[in-house]
Structures are given as structure tokens and as C-alpha cells.
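First up is the structure itself, then whatever we jot down about it.
Where a number appears in this text, it was derived from the coordinates with a stated rule and is not lab data. Everything quoted here is computed from the prediction, not taken from an experiment. Methodologically, a virtual Cβ is constructed for each residue, glycine included, from the backbone with ideal geometry; neighbour enumeration extends over all protein chains shown.
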Amino acid sequence: MIRSLRKILAFLQRDFLSEVSYRLAFFLQVAGMLLSVAAFYFITKMMNPKTEGLDGIEPFPWVLLGLSFQYYFSTALYAFSAKIRGEQMLGTLEAMLVSPTPTSIVIFSEATWDFAFGAIRVAIYLLFATLVFGVKLYATSLGTLALGVVLTLLSSAGLGILSASFILYFKRGDPVNFFLSAVTTFFGNVFFPSALLPAPIRWVSNFLPIKWSLDVVRGSLLQGKTLRDLRGEILNLAVLTLVLLPLGLFFSRIAIRKAKREGSLVQY
Amino acid sequence: MQHVVEASQVVKTFVKKRPVNELVRHPFRRAERVRALRGVDLRVRAGEIFGLLGPNGAGKTTLLKILSCLVLPDSGRAVIGGEDTVHEGRVKPKIGLVHSDERSFYWRLSGRENLRFFSHLYDVPRRKMGARIDELLRRVGMLEDADRRFADYSSGMKQRLAVARALLHDPPILLMDEPTRSLDPASAMSLRSFVREELNGRDGKTVLLATHNLHEAETLCDRVAILVRGKIRRIGTVDEVRRWDVDERRFRLEVDRWPPGFRGPCRVLSEEEGEGLRRVTIALDRDGRLDGVLRALLDSGSAVHACDRIEPDLEEAFSRILEEETEAEATP
Ligand SMILES: Nc1ncnc2c1ncn2[C@@H]1O[C@H](COP(=O)(O)OP(=O)(O)OP(=O)(O)O)[C@@H](O)[C@H]1O
Ligand SMILES: [Mg+2]
């Protein structure tokens, strides 16, 4: 267990060392993020705070959390497939898979850096929102928040690994990622409450981990709700995680097996 | 004698990837197949250096990848150190693979950072990691350049780093795919002596090495197998393979004069003139006698200045097999 954790950290270190040379890119990215937060501040001024589903939360912080977590989810979706594809080209996928480390750990760890970087982004969004726009955050139920974030991480890893397996298997993928990303954004309770959706399609959002993640994160950060208040949402999120992550790892095994049959672990 | 690498009846067929424009023009045509391995049997003994020789496309890399669990065979079995390769978890700690592909590292990291990352994957205990990496870097002669970016390395340095990586977990079996391909002659020689003296001699590692460099096989390997178009055509010690199917013996004679129309009990393979002497290479059948030839020469009044036995070399054995192969292909 400890050893696996160290391995995951080794991936983080590897990509950190690769990326530090892109400092300018990082600063430009942050500047862009700040602008988009400001834009949302003004857009949400046009919204009615009494909209159904906002649950008493101000539109701006509501959307802000949606924005930052949606970014997180779509990063997860793209990160696994992009990394694995890149390592196929580099020849490093083979180099990793010939080591005694189990394939599932290699696959799972691939996006560690992207997750960590995503967390930094979320933190920057929130910091900016509190400092500049006076959003009030509750620090009363950090445990609940942490639980929600960990489950968010694991469930989005599950989705990301699923989509990467799909790409590895069928060798084409952009439509999948694009589709999943669009679906999560539309149905995921991200920019508008899913309660606004017409009843016949509203059920879709219940199957998206991001909906429950956002309920938990908004509830604990913006309203100070406790574990007891959010237990239903956390349970739903946990169930989805328990389905998605093993499913993703299972399909990644199938995809890697196929690549081993075809000799396509390395590609030119 | 204990075998640590065993392949039995390994068959592998690849389906060639079809370019998109062809897919569009002939969507229902069956994809072309490449029979990379057509029933390969191979046994490598513990502690030997075994050479896998073969021309381009013979299937060497495919076989090594099957042995290292990176490619799944269609049929047949591969066993490493007593474990079937279907049990990846038990096989991988026993093998170190040196890829022929010099990419396979992270370009933006230094050599040392690369090795550090792979040490985690190879389960090197953290306390020993630093020392182990330093020792390996020193052994492959990369200590001084360890902190430069991998992207700035020469092909030879990349290759040496790949050897260091394969040794991180100190595996008893090394699979090397053309390890000297991009090395200059001096570095190639030093890598060969490193393999021979240190890895094999001192550490007792078993080495299975793919190469198409016959000289390398002759100087390095205890035994070799010649793989052509997915089948093993010869297997044995270098001497056995060299002499395989050769029932003639060859000699080079230096004579002052070769009698015109001389017909001794031999065949003349070549003749050349130099420094007032003629050098004639002759071949005798297995039971042909050299003294008969010499006597006939002396009787005809020639003086014989030298007579050397010529051993067949691996190169010849190799081209003979390739010839057989082309003939077999021409007559279906
Ligand atoms: N992934 C793959 N997909 C399709 N064909 C492949 C694949 N890998 C190898 N082949 C084909 O299988 C045959 C054997 O290839 P292999 O790489 O094993 O040969 P090799 O002996 O290593 O050659 P070289 O000396 O050029 O490295 C070749 O015809 C090659 O084109
Ligand atoms: Mg090869």
C-alpha cells in the first residue's frame, strides 16, 4: 500500500520535473483563469438568486464552483488518454510495463500530475473569488469536503481511465471525450441547476458523479453543511465511484491485452 | 543443465495496419498478415550468453518482447526462470530488458531523474535508491553526464542509460535487443566486455542478446541461434553453427606457380597473384586428402611456400542460410 502510494508520487515528481520549464505558460494560464472568473462574476449578476435548484446559494459562487470542478473533470477525462497515447509514442509505456509494477497502478498513476495541477487551479479560483469578490467560504466541515474531493478524484479517474481504455482499444477517441465532456457539462449541475431540466431527461444527471460532487462541495463550502446533511449525496457519489473505478481498471486491462496482442504498446 | 529461458512452439502473426486511404478504397479486403514467428523453440541455459542472430525482420524483437510479457503469442509457451509468461507478476522481477529503441525515456528529465522514476517502478527500496543509481551510472560510464537532460544525450549515451535501467532491480536474466546498434566501435567493444566480464562473468547473469552483428555474436556468445523469417534455422555453439553442413575443408596455399590445367583431388575456389607468389584457395571433400594435393603439386614442379587451414566463418554460414531461404521461396 505504502509502496503503491510512493509509486503514485513518483509519477507526480516525474511530471512536475517535466513541466517546471513551462513557467510562462503557467502564468498565462492563471491570468486567463482570473479573467474568466471575473467574466462569470458579471454574467451571474444577470441571474435570479431565487432560481429553483440554487438552494439559497448566490449565483456567482454557485457557478464558480461548477466552473472549477467541471474543469477538473474534463482534465481527468483528457489526461489519461493523452498521457497514455504520449507514452505509446515515446516508447515509455513499454518501459513501464516491463517493470514489476502492476499495469493497473501504472495506468491509475498516469494522471497524478494533472489532478494535482487541477487542485491548484481550483484553489486559485477559490482564493481569487474570496479575496476579490468577497465570496464567503465555510471551513466548518472540512472533513466532509475532503471526503467529497477524494471521491470526486477517484470517480473522475474512473471515467478518465474508461475513456483512455476506449481509445487504446479502438485507437480513436476524440469523439468519446468530446461527448462525455459535453454531457457532463450539460447534465452535471455545472452552470445551471439540473433541477431546471425537463423531467424526462433530468435523470441523466443522477448518473454523473460530477452532479453529486458539486452538491457536496457547494453544500460544505458555501453553506457549511455537515456530513449528516450531505450523507445522501456522498453515498451516491461513493456508489458511482465504486462502479466507475473498477470498471475503468477492468477495461484498461482488456485494452492493454489487446495492445499486447497487436504489438501496439509502442507506436510510431 | 538448467534452462532459464524456454520458448516452445511460439507462433506470432501480426495484422498489418492499413492506411486510412486504403481502408476507404477497399473496406472489405482482409488485412495483410505478417508471420513474425512460425513455431520457435529455444532453450537458454543458466549463466550463458546466448545470441539471437537474424536479418532485419526475422522476428528477434518480437521474440524478446514475448519473453518480456510485452507481446502475447498466438500460441506456444514461454517460460522464464520456471515461470510461464502468463504469470507476469512472477516473470517481470526476473528479467531486465534493454530496448533497441533508444527513445523509451523522458526527454525533459535528466538521466538520473529517469532512473529514479524507474527505480520506483522496479521496487528498488527507497533507502538504497540513490546508491544503486550511482553505482549503475558509474558502471555504464554515465556518472559524469547523469544530470544532463536525456534529450541532450548522444545515441550511445541513451543506450548505456537503457542498460543501467535494465539492471536497476538486479535481475538474473537480461534480454538485450541490439544493445550495440548505435555505439561506435570502441564503445561497442567496451559494452561487450562489460556484458561478458561483469554481467555474465562476475554477476553470473544469463544474457539473451539479439543482434545482426556476426562479429559480436562470435566474440560474445557461448551459443547462438539463427532466426530467419520467424524460424530458427541453426542452433548451437558458434563453432557448431559455423561448421554446420560444411563437409569441405579449405586451405590457402602459397605457391610460386600453379601448374596450368592442374587437376588434383580438390576444387579451386579462388586464385590471386601477389609479391611474385600465387595464393590459391582450395576446398577438399570431407575425406579428400591434403597430402595428395601437395604431392601432385610438388610432382608438377611447383614450390609450396605456405599452407593455411581456413575456418568457415559465421558470415558464410549466415549467407548460406539466406541462400537456402531464397531458394525455398523460389520453389514453392
Ligand atoms: N506491431 C506490429 N505490427 C505489425 N507487424 C509487426 C509488428 N511488429 C513486428 N512486425 C513485423 O514482424 C516481423 C518481425 O519483426 P521484428 O521486429 O521482430 O524483427 P527483428 O528481427 O527485430 O528485425 P530488426 O533486425 O529490423 O530489428 C517484421 O516483418 C515486422 O514488420
Ligand atoms: Mg528488432
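Values as computed for the structure displayed
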{"read-out": "Simple spin-label estimate for A:Leu227 and A:Leu142 in nanometres, 7 Å along Cα-Cβ", "value": "1.6"}
{"read-out": "Entries of A:Lys171/B:Lys128; B:Lys60/B:Lys158; A:Lys83/B:Lys65; A:Lys7/B:Lys16; A:Lys171/B:Lys205 with Cα pairs more than 31 Å apart", "value": "A:Lys171/B:Lys128; A:Lys7/B:Lys16; A:Lys171/B:Lys205"}
{"read-out": "Of B:Leu284, B:Phe262, B:Ser302, farthest towards positive along the dipole that unit charges on Lys, Arg, Asp, Glu beta carbons give region B:248-310", "value": "B:Leu284"}
{"read-out": "B:Thr237-A:Ala116 FRET efficiency (beta carbon distance; Förster radius 45 Å; 0.05 resolution)", "value": "0.20"}
{"read-out": "Stretchable slack from B:Arg286 to B:Met129, in nm (0.36 nm times residue separation minus alpha-carbon distance)", "value": "50.6 nm"}
{"read-out": "Of all DSSP beta bridges in the protein assembly as shown, antiparallel share, percent nearest 5", "value": "70"}
{"read-out": "Potential extension, A:Ser18-A:Lys171 segment - 0.36 nm per residue separation minus Cα distance", "value": "52.5 nm"}
{"read-out": "Distance between modelled label sites at A:Leu235 and B:Asp152, nm, 7 Å Cα→Cβ extension", "value": "6.0"}
{"read-out": "For region A:2-262, with +1 on Lys and Arg beta carbons and -1 on Asp and Glu, the positive-most of A:Ala76, A:Ala119, A:Phe192 along the dipole", "value": "A:Ala76"}
{"read-out": "Label-zone membership for region B:296-317, site B:Leu277, 7 angstrom Cα→C-beta point, backbone N under 17 Å", "value": "B:297-298, B:302-310"}
{"read-out": "Relative contact order, percent, chain A [alpha-carbon distance under 8 Å, six or more residues apart]", "value": "27"}
{"read-out": "Sparsely packed GluC sites (Glu not before Pro) within region B:15-55, loop by DSSP, other Cβ within 10 Å at most 15", "value": "B:Glu32"}
{"read-out": "Where GluC sites (Glu not before Pro) fall in DSSP loop in region B:138-229, at most 13 other Cβ within 10 Å", "value": "B:Glu144"}
{"read-out": "Dipole magnitude (debye, nearest 20) for region A:2-262, charges at Cβ of Lys, Arg, Asp, Glu", "value": "480"}
{"read-out": "Inter-chain Cβ neighbour average for residues B:11-17, partner chain, 10 Å", "value": "2"}
{"read-out": "Net charge of Cβ neighbours under 15 Å - reference A:Phe117; Lys, Arg +1; Asp, Glu -1", "value": "0"}
{"read-out": "Dipole moment magnitude, nearest 20 debye, chain B about Cα centre, only Lys, Arg, Asp, Glu C-beta charged", "value": "1720"}
{"read-out": "Selection from B:Phe28, B:Leu214, B:Phe105 lying farthest towards where the dipole of the protein assembly as shown points positive, charges on Cβ", "value": "B:Phe28"}
{"read-out": "Projected label distance in nm at B:Ser319 and A:Trp203, using a 7 Å step from Cα toward the beta-carbon", "value": "7.6"}
{"read-out": "Coordinate range along principal axes, alpha carbons of the protein assembly as shown, Å, largest first", "value": "123, 56, 43"}
{"read-out": "Residue mean of other protein chain beta carbons inside 10 Å, B:97-104", "value": "4"}
